[in-house]
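What follows is one structure encoded as structure tokens, with my remarks underneath.
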Amino acid sequence: MKRSFLFVALLLGALWGLPSCTSNPETDGELVSEQVNNSGADVLRLLYSRTPTTLNPHLANGFQDFEAARIVYEPLATYEAGGRMVPVLAALIPTPENGGLSEDGRSVTWKLKPNVRWSDGQPFTAEDVAFTYEFVSNPRVAAVTEKYYEAIEKVEVIDPLTVKITFEEPNPSWALPFTGQNGMILPKHIFSKVQGPNVRQATENYQPVGTGPYRFIAIANDLWTFAANEQFREGPPPFDLVELEGGITPYVAARRVLRDGDADFVHNLQLTIEDRVELAKGGAGEVVATFGSYVERIMLNLTDPNKVTKDGERSSLENPHPFLSDLNVRKAVDFAIDREEIANRIYGNAGQLTNQLLSYPAEYINRALTHQYDPAQANALLDAAGWKDSNNNGIRDKDGVEMRMVFQTPINPVRQRTQEMVKEDLRAIGIEVDIRRVIADDFFSADPAQTRSINHFYADMQEYNAGSDTPDPAIYMSWWLCDEIASFENKWQKPNNARYCNEEYDKLWEQASKELDPEKRAALFQKMNTILVEDVAVIPLVRRAVTNGISDRITGVDPTPWDASTWDIGTWKLANAPEETVEETPEANPLEVNVQETESAEIESAETGITETESKEVEATEAETTEVENTETTDETEASEDVSPDTNQ
């Protein structure tokens with residue numbers, strides 16, 4: 001990529017010469033698109049099912065916003081697939097040994113890399129870290145990442161390259177702020193003047209200045225264009241330009257990468273096995289599946305979605321569900337659903353059968369938990385609870401109430417097949433299911449007026465994918481706290497959409513939020529996991545992989561479930577790039593945690609035509625990465641659409 005900076009400067013010089021106050025991303029984007037098409041530039045093309053709405057990650061409306069922002073912005077540190085924390089803007093990972101972590105667990109001190117500059121040439125300093133906390137914690141901003149910073153008491157600038165974070169109490173989750181996709185640092189000199197109530201409309205959200213390998217240029221017709229950042233500390237990235245295109249249907253996007261070869265990366269694949277097998281024969285790319293903590297689940301509404309309070313609220317704690325509020329009925333529903341059949345027929349090797357809500361990292365799993373598909377036991381439980389088919393219409397009833405349920409999911413072929421299978425399973429035990437399919441943007445909407453949203457939950461059951469977006473599950477497990485119940489009072493902005501409340505669970509979470517001993521803390525999370533499963537607060541279906549389609553034209557892509565897919569986009573390069581243009585990767589910091597290794601063996605499935613890399617865990621905490629030729633993935637979610645910024649899918 002010898003020509004990169006000169007080439008891009010010539011190509012886009014006219015735009016960069018415009019004063020920022022006169023630049024129009026939409027009209028500029030049309031000019032850029034036309035010039036790029038005729039330029040012969042090395043262009044990396046990314047495809048997404050949804051179009052970004054902002055490039056400010058702390059104001060994200062969905063996964064697509066984090067993905068786009070991560071091309072430009074960076075955190076202090078992030079996590080590789082196996083859970084190892086690695087420095088990004090930080091010079092090293094804080095430890096007790098290097099003085100970064102205090103003995104009492106109340107503070108962490110980060111040392112920053114020297115000679116880092118924002119894409120406009122201004123120096124990156126500790127002032128920017130402190131300002132990012134000020135921005136995120138400002139209630140007028142209403143940042144979607146605020147929960148990751150709420151334990152902080154203060155952030156102090158010690159010197160230009162040192163920042164100290166002090167927590168209100170001893171905090172085992174010290175690594176939540178400023179790391180991963182929720183930890184991207186904003187430039188103080190850009191955002192200090194746009195913190196008012198109209199911050200979401202500020203032009204700075206759409207004309208970002210970052211420290212990452214690429215800088216944003218323009219938008220045109222759902223095409224977001226980025227150019228190499230000439231200020232990037234590690235030198236020129238391999239591509240002249242990056243184009244991110246949104247609003248592409250999963251099949252078309254997969255076809256373009258896996259068969260047609262006119263794009264390089266597709267995020268968030270959601271395809272049937274039949275479509276995956278067909279596209280796998282294209283020969284232009286592969287699908288890489290990385291397993292983290294994400295679990296496709298069915299949520300059961302413990303409140304009545306059909307009764308209305310005097311304030312006009314449905315699914316309110318004032319009105320318990322006519323039968324799902326009964327634990328034995330929930331157990332019956334759980335026994336009746338054939339999870340293994342769903343995992344095998346719909347997900348293949350893109351999903352793993354699980355009975356855990358906290359499915360990863362391994363130290364939090366309670367391996368004593370079991371699940372059995374047992375329709376006979378389901379029938380026995382319903383009989384004992386007094387639900388009988390009194391009029392021989394095939395539907396159980398009691399006291400004039402029939403066991404009818406509305407089952408809603410966002411629209412995609414994978415979930416629609418799951419709905420049909422669950423409907424048949426429940427019909428077999430006398431429960432009638434009506435299927436509702438919701439546009440994804442409506443389902444994951446945070447708009448209080450959108451009554452079909454995940455948090456309004458005006459149905460009896462709903463299905464989506466969610467999990468922890470960091471190896472520390474504290475925020476993820478807080479979603480089931482009594483104080484986190486979504487309601488009219490909080491405008492349905494809280495994540496506990498099942499309206500589940502258990503005082504014992506709340507006490508365990510409070511203990512875990514303060515426990516500094518890793519083993520004791522893991523035991524507390526195991527107990528919480530067990531309570532959720534035994535209470536059937538939710539029905540886990542499969543542990544879902546994060547799956548992305550990657551062209552054979554590029555290499556250097558190293559996915560992790562703990563950050564956006566674009567976290568390492570600066571290392572992506574052409575597969576046939578000259579060796580001399582590749583920059584050496586810096587040696588690992590000796591203070592970092594040791595990497596865990598996996599042994600891999602390739603196997604083939606004759607039934608699906610999938611080539612899979614089966615990881616055998618040497619350490620229980622190692623994530624698995626699978627290369628497949630047919631998979632599906634999370635739909636957004638939204639680590640938070642919002643049930644905490646963007647992990648629901």
*With a 1.4 Å probe and every protein chain kept in, tell me what percent of the accessible surface of the stretch 91-199 is carbon plus sulfur.*
49
*Just going by the charge dipole of the stretch 107-233, with Lys and Arg at +1 and Asp and Glu at -1 on Cβ, which of Leu176, Gly121, Pro160 is farthest out on the positive end?*
Gly121
*Separation between Cα centres of the stretch 261-328 and the stretch 180-250, rounded to whole Å*: 29
*Please give the FRET efficiency for Thr309 paired with Arg437, using the beta carbon to beta carbon distance and R0 = 30 Å, rounded to the nearest 0.05.*
0.65
*Using r as the Cβ-Cβ distance of Asn576 and Arg259, and R0 as 22 Å, what FRET efficiency do you calculate, to the nearest 0.05?*
0.60
*Can you send over the solvent-accessible area of Lys423, 1.4 Å probe, protein chains only, in Å² to the nearest 10?*
40
*Classify the stretch 114-205: rounded, prolate or oblate, from the alpha-carbon gyration tensor (a ≥ b ≥ c, eigenvalue square roots; a/c under 1.5 rounded; otherwise prolate if a/b is larger than b/c)?*
oblate
*Would you list which lysines come within 18 Å of Lys147, measuring only between C-alpha atoms, while excluding same-chain residues fewer than 8 positions from it?*
Lys491, Lys494, Lys514
*Along the principal axes of its C-alpha atoms, what lengths does the stretch 192-318 span, in descending order and rounded to whole Å?*
61, 52, 30
_Computed lengthening from Lys281 to Asp389, 0.36 nm per intervening residue step minus Cα-Cα distance_ = 33.9 nm
*For Met421 and Asp159, what is the calculated FRET efficiency with R₀ set at 56 Å and r taken between the beta-carbons, to the nearest 0.05?*
0.40
*How far, in nm, would the chain grow between Glu534 and Ile411 when pulled straight, counting 0.36 nm per residue and subtracting the alpha carbon separation?*
41.3 nm
*asked:* Give me a comma-separated list of calculated 3J(HN,Hα) values for the stretch 282-290, in order, Karplus coefficients 6.51, -1.76, 1.60 applied at θ = phi - 60°, integers in Hz, x for any Gly or Pro.
replied: x, x, 9, x, 9, 10, 10, 10, 10
*asked:* Can you order the peptides 486-497, 72-83 by their average number of other Cβ atoms within 10 Å per residue, highest first?
replied: 72-83, 486-497
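The values are calculated or read from the model by the stated rules, or taken from the named source; none is laboratory data. Predicted model only: the values in this text are computed from it and were never measured. FYI the Cβ positions are ideal-geometry reconstructions off the backbone, even for glycines, and counts take in every protein chain you see. Accessible surface areas use protein heavy atoms only, side chains included; no ligands, DNA or RNA. Shrake-Rupley method; radii C 1.70, N 1.55, O 1.52, S 1.80 Å.
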